[in-house]
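The next block holds one structure in the form of structure tokens; read it before the comments.
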Amino acid sequence: MAQFWKPGTEKPRLLEDEDGGVIFLSSSYSSSSSGYGYVSIEKQRQRLPVYKYRTAILYLVESHATTIVVGETGSGKTTQIPQFLKEAGWADGGRVIACTQPRRLAVQAVASRVAEEMGVKLGEEVGYTIRFEDISNPDLTRIKFLTDGVLLREMMDDPLLTKYSVIMVDEAHERSISTDIVLGLLKKIQKRRPELRLIISSATIEAKSMSNFFLSSKRRQALEGEELRPGLEPAILSVEGRGFNVQIHYVEDPVRDYVQAAVSTVLLINDKEPPGDILVFLTGQDDIDAAIKLLTEEARSNGKNSSGLIILPLYSGLTRAEQDLIFSPTPKGKRKVVISTNIAETSLTLEGIVYVVDSGFSKQRFYNPISDIENLVVAPISKASARQRAGRAGRLRPGKCYRLYTEEYFLNEMSIQGIPEIQRSNLVSCVIQLKALGIDNILGFDWLASPSPESMIRALEVLYSLGVLDDDAKLTSPVGFQVAEIPLVNKLILFHLRLLFILF
Ligand code: CDP
Ligand code: MG
């Protein structure tokens, strides 16, 4: 068993940092897990890139209020860091380590993985909470995985989130609307709870802007002359993992039907390429189901070459048994084909993937404040997403990524980064949640990225017209507070309220 550093003991020398500034670390660690055969769970853990940084992470968390951990997907951030913290004593004395995820399925999957690694029953020492499902025990649970939406909900009952010693906001690069709100609120909570530690983890290198965001409040604290606090500047730790090379293939001409194109590509890979699992990125349950149907039919009519395919869907709403199939090793002589939403882009790591088929699309939320219409639409992904998707093929050995769009399109038309969800969403539930938490000046809230004033005004107008907000833009009593009490379903309720409003 390797050594790790406990808070309160002498800090490791390797990381001396005189002025409490930003620390960069690098290491020439290379990871390669075979993906096949039996390897003990402890061995698997030790092979993850993040394992080498265990001491560093524990030191930074002890000495800095905020630590930003950047590391590529699959390096072990989500499953290992909460365990390191627990082993180092951060869950002693009844305290709890929280780790948030934007996606429900990811919460379930990582919680059960961590429970398995720790050899405990899920729902006891390791638990999780998602909407409508609480598999945690207030007396026993020391590591809790939850969606950032659920963490927001918990703030309504316990605004300072006092039971948590460390909150890890995971998948921060995804910039989901709840993640952005949570980050703004945690920054506030930190001022009141200097002992609280934040870890922000992300798969991409936007760490600097995240660091600046947390820095500004620290500077203010320092000026206010408050007592000594842990490192005022956020620390940034970069976990170096080694992905293998991924060869990119583009289509020569734009495809008309990406479901059909994806299916043909899978069959082609199965025909021509050596063993290795295939991960296909489509957009949602509907096109995934369609692709599975098509693939099953075509594979059957293709005869012997396709008999070894194990075809599995991956989208939120799968049962636990279905999830287990995704993660179980592929039997010898078979080839797994996982057809997924963008959940497999960074939230979940599948072992054994050698080939990626990227449709170039994902389901995204778009909102028009003028018409007040919000839609979930199939839209082109960004270059950043395309790179992430390709990277999924290089975990085991050199892989291949088949992009169902042209190189010219990738180079000249794809946007570099996606737009944060908060800038393309209806803000009604976001406004209610903030109001219920006592944040009255929503336009002046400390946003990581500000929502558009039009959307904000539109949300305020709607809430006012429904009697949820009063003339001073405060929650009305009782209606406003009642609506806020059930924030997770308030959109639905508002929809009905609006119907009533229109009808009568
Ligand atoms: O968070 P990050 O992307 O850095 O990695 P992780 O989710 O902690 O994954 C670390 C390892 O755990 C990967 O090799 C995954 O394949 C494995 N894992 C698993 O086998 N089953 C799960 N349900 C989750 C992770
Ligand atoms: Mg992760």
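The values are calculated or read from the model by the stated rules, or taken from the named source; none is laboratory data. Owing to the predicted nature of the structure, the values given are computational and were not obtained by experimental measurement. Virtual Cβ from ideal backbone geometry, glycine too; neighbours counted across all protein chains shown.
When you scan region 430-443, do you find a residue that is at positive phi, surrounded by fewer than 19 Cβ atoms within 10 Å (Cβ to Cβ) and touching a residue at least 40 places away in the same chain (Cβ under 8 Å), even just one? Yes, region 430-443 contains at least one residue that is at positive phi, surrounded by fewer than 19 Cβ atoms within 10 Å (Cβ to Cβ) and touching a residue at least 40 places away in the same chain (Cβ under 8 Å). Of all residues in region 312-337, how many are aliphatic (A, V, I, L, M), within 27 Å of Ser382 (Cα to Cα) and surrounded by fewer than 23 Cβ atoms within 10 Å (Cβ to Cβ)? So the answer is 3. Ser75 satisfies every condition listed in (1) more than 12 Å from ligand 2 (Cβ to nearest atom); (2) assigned to a loop (DSSP other than H, G, I, E, B) except (1). Quick one: would you say Val69 is within 16 Å of ligand 2 (Cβ to nearest atom) and within 19 Å of the chain's Cα centre (by Cα)? Taking the combined requirement at face value, the residue satisfies it. Every condition in (1) crowded, with 16+ Cβ neighbours inside 10 Å; (2) more than 30 Å from Gly352 (Cα to Cα); (3) not hydrophobic (A, V, I, L, M, F, W, C) holds for Ser385 except the one numbered (2). Annotation: Asp158 fulfils all but one of (1) under 14 Å from the mean Cα position of the chain (by Cα); (2) more than 16 Å from ligand 2 (Cβ to nearest atom); the unmet one is (1).
Only one of the numbered conditions (1) β-branched (Val, Ile, Thr); (2) modelled with pLDDT under 95; (3) surrounded by fewer than 18 Cβ atoms within 10 Å (Cβ to Cβ) is not met by Ile248, and that is (2). Would you say Arg95 is of a type in the set (Lys, Arg), under 21 Å from Ser176 (Cα atoms) and more than 15 Å from ligand 2 (Cβ to nearest atom)? When the stated conditions are applied, Arg95 does not pass them.
In the set (1) over 26 Å from Thr179 (Cβ atoms); (2) at pLDDT 85 or above, Phe504 fails one condition alone, (2). If you take the residues in region 55-66 that are assigned to a helix (DSSP H, G or I) and under 21 Å from the mean Cα position of the chain (by Cα), which one is nearest to ligand 1 (Cβ to nearest atom)? Checking each candidate, the answer is Ile57. Contact map, region 61-90: first residue more than 19 Å from Tyr128 (Cβ to Cβ), second residue assigned to a strand (DSSP E or B) and within 9 Å of ligand 1 (Cβ to nearest atom), Cβ cut-off under 6 Å, separation 6 or more or different chains; pairs are Val69/Ser201; Gly71/Val239; Ser75/Val239. For beta carbons closer than 6 Å, sequence separation of 6+ or different chains, a first residue in region 344-359 that is of a type in the set (S, T, N, Q) and a second that is part of a strand (DSSP E or B) and more than 10 Å from ligand 1 (Cβ to nearest atom), the qualifying pairs are Ser359/Phe281. If you take the residues in region 177-227 that are within 16 Å of ligand 1 (Cβ to nearest atom) and either modelled with pLDDT of 85 or more or more than 28 Å from Tyr367 (Cα to Cα) (or both), which one is farthest from the chain's Cα centre (by Cα)? Among those residues, the one meeting the criterion is Ile199.
Entry remark, region 100-117: residues being within 12 Å of ligand 2 (Cβ to nearest atom) and under 10 Å from the mean Cα position of the chain (by Cα) number 6 in total.
Conditions tested, residue by residue: (1) in a helix (DSSP H, G or I); (2) at pLDDT below 60; (3) closer than 22 Å to Leu183 by Cα.
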{"residue": "Leu448", "(1), (2), (3)": "no, no, yes"}
{"residue": "Glu461", "(1), (2), (3)": "yes, no, no"}
{"residue": "Phe481", "(1), (2), (3)": "yes, no, no"}
{"residue": "Ala484", "(1), (2), (3)": "yes, no, yes"}
{"residue": "Leu488", "(1), (2), (3)": "yes, yes, yes"}
{"residue": "Leu500", "(1), (2), (3)": "yes, yes, no"}
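Here Ile278 passes the criteria (1) assigned to a loop (DSSP other than H, G, I, E, B); (2) surrounded by 16 or more Cβ atoms within 10 Å (Cβ to Cβ) except the one numbered (1).
Contact map, region 159-172: residues that are over 20 Å from Asp92 (Cβ atoms) paired with residues that are within 15 Å of ligand 2 (Cβ to nearest atom) and among the acidic types (Asp, Glu), Cβ distance under 8 Å, separation 6+ or inter-chain. Pairs shown: Val169/Asp148. Considering region 84-168, the qualifying strands (runs of 3 or more DSSP E), each wholly inside and each with 2 or more residues that are crowded, with 20+ Cβ neighbours inside 10 Å and within 16 Å of ligand 1 (Cβ to nearest atom), run over 96-101, 126-130, 143-147. Applying the set (1) among the polar types (S, T, N, Q); (2) out of contact with any helix residue (DSSP H, G or I) (no Cβ under 9 Å at 6 or more places or on another chain); (3) within 29 Å of Thr330 (Cβ to Cβ) to Ser385 leaves exactly one unmet item: (2). For region 463-478, give me each residue that is assigned to a helix (DSSP H, G or I) and among the small types (Gly, Ala, Ser). Result: Ser465, single match.
On the basis of being within 19 Å of Leu196 (Cα to Cα), within 13 Å of ligand 1 (Cβ to nearest atom), in contact with a strand residue (DSSP E or B) (Cβ under 9 Å, 6 or more places away or on another chain) and modelled with pLDDT of 95 or more, does Val69 make the cut? Considered against the rule, which asks whether it is within 19 Å of Leu196 (Cα to Cα), within 13 Å of ligand 1 (Cβ to nearest atom), in contact with a strand residue (DSSP E or B) (Cβ under 9 Å, 6 or more places away or on another chain) and modelled with pLDDT of 95 or more, Val69 comes out as yes.
When region 257-275 is filtered for residues that are assigned to a loop (DSSP other than H, G, I, E, B) and within 19 Å of Ala386 (Cα to Cα), only Asp257 remains. Note on region 334-420: enclosed strands (runs of 3 or more DSSP E) holding 2 or more residues that are closer than 22 Å to Asp271 by Cβ, within 16 Å of ligand 1 (Cβ to nearest atom) and touching a Leu at 6+ places or on another chain (Cβ under 9 Å) are 335-340, 353-358. Among the residues of region 458-479, the one identified as in contact (Cβ under 8 Å) with a residue 40 or more places away in the chain and touching a Pro at 6+ places or on another chain (Cβ under 9 Å) is Arg458.
You will find that of Gly391, Gly418, the residue that is within 16 Å of ligand 2 (Cβ to nearest atom) and either modelled with pLDDT under 95 or among the basic types (Lys, Arg) (or both) is Gly391 and no other.
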